1. Which count do you get for residues in region 47-102 that are assigned to a loop (DSSP other than H, G, I, E, B) and either modelled with pLDDT of 95 or more or surrounded by fewer than 16 Cβ atoms within 10 Å (Cβ to Cβ) (or both)?
2. Look through region 142-153, keep the residues that are surrounded by fewer than 17 Cβ atoms within 10 Å (Cβ to Cβ) and of a type outside the set (D, E, K, R), and return whichever of them is farthest from residue 48 (Cα to Cα).
3. Among the residues of region 103-116, which ones are open to solvent by less than 60 Å² (accessible area, probe 1.4 Å) and within 14 Å of the chain's Cα centre (by Cα)?
4. Output the number of the condition that residue 29 fails; it satisfies all remaining conditions of (1) outside any loop (DSSP other than H, G, I, E, B); (2) surrounded by 15 or more Cβ atoms within 10 Å (Cβ to Cβ); (3) at pLDDT below 95.
5. So, in region 20-37, exactly how many residues are touching a residue at least 40 places away in the same chain (Cβ under 8 Å), within 18 Å of residue 155 (Cβ to Cβ) and not β-branched (Val, Ile, Thr)?
6. Say we look at region 117-129 and pick out the residues that are open to solvent by 20 Å² or more (accessible area, probe 1.4 Å) and assigned to a strand (DSSP E or B); which of these is farthest from residue 105 (Cα to Cα)?
7. Does at least one position in region 109-129 carry a residue that is modelled with pLDDT of 95 or more, under 19 Å from residue 30 (Cα atoms) and touching a Pro at 6+ places or on another chain (Cβ under 6 Å)?
8. Evaluate the following for residue 165: is it part of a loop (DSSP other than H, G, I, E, B), open to solvent by 60 Å² or more (accessible area, probe 1.4 Å) and more than 30 Å from residue 4 (Cα to Cα)?
Amino acid sequence: MSHRKPEPVQVVKQRRDTALRALAGGVPYVNFLGITFDRRGDELTGVLNFDEKLIGNPDLPALHGGVTAAFLEVTSIITLSWISLWGEVESGRLDLETLEQGRLPRLPKTIDFTIDYLRPGLPRDAYARARVTRSGRRYASVHAEAWQDNRDRPIVQAVGHFLMPWDER
């Protein structure tokens with residue numbers, strides 16, 4: 001009985017990074033807002049990189065509420081997609097060249113998204129994580145929260161429900 005030799009960690013890491021970059025970079029609104037993702041294993045943290053165009057109230061100044069809501073929704077959708085793709089990324093079955101050319105898998109569609117604004121977002125970077133609370137073949141529920149300097153003091157949290165794309169394989 002022969003065992004397959006494990007792939008070098010650099011190959012696996014490069015495949016993961018390429019898949020995530022293609023997934024998040026393929027959504028124009030993600031690029032417009034300046035959202036990037038930090039990956040540690042299968043866990044993603046969204047990063048809303050501060051830019052003056054994100055200010056909604058210049059008198060405070062504070063991040064626009066629509067920007068923080070969009071940040072959480074994007075983080076939720078990319079996290080759901082990442083979880084769906086994880087097995088194919090890890091096995092090497094995912095064709096990275098196809099992803100890099102912009103032919104992305106269909107993304108989950110938002111059914112509803114409820115936002116709780118907890119405190120003003122200051123003019124600095126923000127971070128977000130989404131936790132999938134229910135995931136089925138057709139439907140998923142997600143809880144997400146964003147913070148800035150202290151994760152224990154979130155600036156906004158949300159609960160979303162998403163229609164999952166059909167598996168066309």
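The values are calculated or read from the model by the stated rules, or taken from the named source; none is laboratory data. Here the structure is a predicted model, which is why all the values come from computation and not from measurement. Glycine gets a Cβ as well: all are built from the backbone with ideal geometry, and neighbour counts include every protein chain shown. The area values use the complete protein model at the heavy-atom level, side chains included, leaving out ligands, DNA and RNA. Shrake-Rupley method; radii C 1.70, N 1.55, O 1.52, S 1.80 Å.
1. Adding up the residues that qualify gives 13.
2. 143
3. Selection gives 107, 108, 110.
4. (2)
5. Looking only at that region, the number is 1.
6. Filtering first and then ranking leaves 117.
7. Yes - at least one qualifying residue is present in region 109-129.
8. For residue 165, the condition - part of a loop (DSSP other than H, G, I, E, B), open to solvent by 60 Å² or more (accessible area, probe 1.4 Å) and more than 30 Å from residue 4 (Cα to Cα) - is not met.
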